[in-house]
Amino acid sequence: MKHYLLPQSGQFYKVNMHSHTTLSDGKQTPEEVKAAYKAHGYAAVAFTEHEGLFDLSHLSDDEFIAITSYEYSFGNPNNPPFCFYEGKVMTFDHNEQVHLNFYAKDPHNTKMVCYNPKRVWGNTRNYLDQFQWVGTPDYERVLTVECINEVIKTARENGFLVSYNHPTWSLNTYPTYSRFENLSAFEITNGGSDRGSDLDYTPYVYDQMARTGQRMICVAGDDNHNVGGFFLAWTMVKADKLGYSELIEGLEKGNCYASDGPEIYDLYVENGKVTIRCSDAIGIYYSTAGRRTGCKLTNAENPTVNEATFTIKPEDFFFRITVKDKNGKHANTRIYYLDEFGKDTLIGIVSNVKQTGKMKPEIADALLSVIENTDERDGYHLNSLYQQAMELLK
Ligand SMILES: [Zn+2]
Ligand SMILES: [Zn+2]
């Protein structure tokens, strides 16, 4: 039986998960951004203004959804404007920041969390008198992982999905992003930053975060501030129909993928193997929690690939698939964790590796019997399954 990783029913809706308008530091009005994206086949735009949460529901119609959202930055404002570089972070341009996007699950939720009007800058200050917040408006936001995690947690508790944005532009490193907690999403491609740097397509950061145990979907957005930054990277969300709650539910369930070019049509697991079908590609890549990878590439007889099937091994723990086209653009599935699959799919994975001789039969049999005897409601945590299998083998 096929276990669909992207639902078989419904349709994909194209969403720009990151944008700025004249409400903050963008050059176009929200109406102009809507018109441009709608004309370009987008079903939704998240208006992630800096430091300002606006309900733009009046822009939503039968064919377009305005996602209520905002972006916060964490940084150190005390760096001097000029210095001699001595290997130390000294000026604003050398200064690490962390940017998070917050997406309201309810389009009319305009209460910002951890708010402080002192942080509002530029055009957004024109709307200070209409902003609302949770708690008291004196939150001191600082660039520490503790503070970032507190803001993420508060936002999640108050009805927001939270995305971690553009790690390269922000000069982030492993000691920072490896310790985040409770994120809903990782921005694997920031269209605007990547266009100007070729550096903010960061799948390896997604893998590193996942290897610390963090679980989140991946998204892509333009972070557009001007027309030159339109239509660069997007998120495809699968839903039964176009609606605000349907899109949010699709994101929450991980029924989505990120892209700046290729399309993914189908993704399913059957008999221990994962199959992907996609638009014309030059490579399809399978990567895991560990070093193990797989790929299907073009050759002289087959100048494009549109489908690939990879064997899943239980010790992969998680996997994701990348589609690369001839223009060097990528579609990225989210990371799928083997322990989110049900009993039958896991049995298929273990049976398949047993059959192909890639796992010792006695280990496979022990693992199969543990999975058979585990109640679906308790979940199939791989570490615990392995441990129990090892006990059986003693
Ligand atoms: Zn940003
Ligand atoms: Zn931004």
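Here are some notes:
- Only one of the numbered conditions (1) within 14 Å of ligand 2 (Cβ to nearest atom); (2) under 17 Å from I248 (Cβ atoms); (3) not basic (K, R) is not met by E49, and that is (2).
- Just one of the listed residues (T144, T154, T124, T136) is within 16 Å of ligand 2 (Cβ to nearest atom) and of a type outside the set (D, E), and it is T124.
- Top-ranked residue of the range 40-66 - restricted to ones that are in a strand (DSSP E or B) and closer than 13 Å to G221 by Cα, ranked as farthest from ligand 1 (Cβ to nearest atom): A44
- Scanning the range 325-347 for residues that are more than 22 Å from the chain's Cα centre (by Cα), surrounded by fewer than 20 Cβ atoms within 10 Å (Cβ to Cβ) and outside any loop (DSSP other than H, G, I, E, B) gives K343, D344, I347.
- Subset tally (residues that are buried (at least 22 other Cβ atoms within 10 Å of the Cβ) and touching a Pro at 6+ places or on another chain (Cβ under 7 Å)) for the range 57-71: 1
- Of the residues making up the range 150-161, at least one is in contact (Cβ under 8 Å) with a residue 40 or more places away in the chain, closer than 25 Å to G229 by Cα and not charged (D, E, K, R).
- Residues that are among the small types (G, A, S), out of contact with any His (no Cβ under 6 Å at 6 or more places or on another chain) and either within 16 Å of ligand 2 (Cβ to nearest atom) or closer than 22 Å to R320 by Cβ (or both), drawn from the range 209-261: A210, G213, A220, G228, G229, A233, A239, G250, G254, A258, S259, G261
- Subset of the range 239-261 [more than 21 Å from S57 (Cα to Cα) and either among the charged types (D, E, K, R) or assigned to a loop (DSSP other than H, G, I, E, B) (or both)]: K253, G254, N255, D260, G261
- Residues in the range 268-309 that are in contact with a Cys (Cβ under 9 Å, 6 or more places away or on another chain) and not small (G, A, S) were compared, and the one that is surrounded by the most Cβ atoms within 10 Å (Cβ to Cβ) is I284.
- Of the set (1) touching a residue at least 60 places away in the same chain (Cβ under 8 Å); (2) within 16 Å of ligand 2 (Cβ to nearest atom), all apply to Y206 but (2).
- Of everything listed in (1) assigned to a loop (DSSP other than H, G, I, E, B); (2) closer than 25 Å to F12 by Cβ, the single unmet condition for G357 is (2).
- Of the residues making up the range 164-203, just one is under 13 Å from the mean Cα position of the chain (by Cα) and in a helix (DSSP H, G or I), namely P203.
- Output for the range 133-149, where each listed residue is more than 20 Å from the chain's Cα centre (by Cα) and not aliphatic (A, V, I, L, M): W133, G135, T136, P137, D138, Y139, E140, R141, T144, E146, C147
Bear in mind that the values in this text are calculations on the coordinates, not laboratory data. Fair warning: this is a prediction, and the values are worked out from it, not measured in the lab. Glycine gets a Cβ as well: all are built from the backbone with ideal geometry, and neighbour counts include every protein chain shown.
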